[in-house]
Amino acid sequence: MTKEIRKDAETRMKKSVDALIHELAKIRTGRANTALLDHLRVDYYGNPTPINQVASVSVSDARSLAVTPWEKSMIPAVEKAIHESELGLNPVTSGDTVRIPIPPLTEERRREMGKLVRAEGEHGKVAVRNIRRDANNHLRDMLKDKELAEDEEKRALDEIQKLTDHYVEEIDRIIVEKEKEILEV
């Protein structure tokens with residue numbers, strides 16, 4: 001029974017780390033990355049639709065993205081979605097492609113991005129700790145219901161703590177890498 005709790009906690013912690021990686025991919029590093037636009041929604045005939053479902057998003061070079069809508073009538077909607085996002089990007093239309101130059105980051109903007117990365121990392125750590133709390137509560141409930149011996153509970157709590165420490169360290173490593181990537185000129 002404790003193995004299932006541990007396995008569930010590990011699966012959920014891994015998903016938290018994956019979610020953090022996904023969130024950090026949206027943070028601009030000065031290089032073009034299609035993940036930058038993943039969270040954008042375009043007004044597609046009255047429905048907010050992910051940009052990758054109405055257009056092809058690609059990296060045209062190290063400092064620009066190219067968005068090619070599948071319907072020419074979607075170009076203004078794509079431009080509007082990019083303008084209204086808080087990414088600070090200015091799309092330029094050329095034919096049926098929307099080009100998005102990625103401006104180099106200023107030192108001040110890099111520091112802001114670093115703070116944002118640390119905040120996202122802290123959210124990830126909180127999520128991992130909440131999973132640990134849930135697992136520990138489940139183990140304690142099992143002890144109260146006499147489904148588990150005290151030494152088994154102690155061993156299981158230690159395993160959960162080791163798991164938590166591992167994933168918190170992994171989050172710290174990911175944050176350091178992302179900060180280094182942002183501060184790189």
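What follows draws every value from the coordinates through simple rules; no lab data is involved. Everything numeric in this text was worked out from a predicted model, so none of it was measured. Here the Cβ positions follow ideal geometry from the backbone for every residue, glycine too, while neighbour counts run over all protein chains shown.
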key: Helical segments meeting 20 Å axial Cα length and Kyte-Doolittle -1.0 threshold in the chain (DSSP H)   = 2-25
remark   = Taking Cα pairs closer than 8 Å and at least 6 residues apart, the relative contact order of the chain in percent is 25
query = Does the stretch 115-185 come out rounded, prolate or oblate, given a ≥ b ≥ c as the square roots of the eigenvalues of its C-alpha gyration tensor, rounded meaning a/c under 1.5 and, failing that, prolate meaning a/b above b/c?
reply = prolate
query = Taking one equal scatterer on every alpha-carbon of the chain, how large is log10 of I(q)/I(0) by Debye at q = 0.08, 0.18 1/Å?
reply = -0.39, -1.07
Fraction of alpha-carbon pairs over 16 Å apart in the stretch 34-101 - percent = 36
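Mind checking the dipole of the stretch 34-101: about its Cα centre, +1 per Lys or Arg Cβ, -1 per Asp or Glu Cβ, Debye to the nearest 20?
On the way: 5 positive and 8 negative charges, 18 e Å.
Computed charge dipole of the stretch 34-101: roughly 80 debye.
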key: Under 24 Å from Lys7, Cα to Cα: lysines that are on another chain or at least 8 residues apart   = Lys15, Lys125, Lys144, Lys146, Lys154, Lys162
inquiry  = Please check: in the Gaussian network model of the chain (C-alpha springs, under 10 Å), which one of Asn47, Asn137, Asn90 has the largest mean-square fluctuation.
reply    = Asn47
request  = Tell me what the chain gives for mean residue ellipticity at 222 nm when only DSSP H runs of n ≥ 4 count, each as -39,500 (n - 2.57), the sum divided by the residue total, rounded to 500 deg cm²/dmol.
outcome  = -20500 deg cm²/dmol
ask   = How much net charge surrounds Leu20 when only other residues with a Cβ under 12 Å from its Cβ are counted (Lys, Arg +1; Asp, Glu -1)?
value = 0
Residue with peak Gaussian network fluctuation, the chain [Cα springs, cutoff 10 Å], from Ala62, Ala149, Ala35 = Ala149
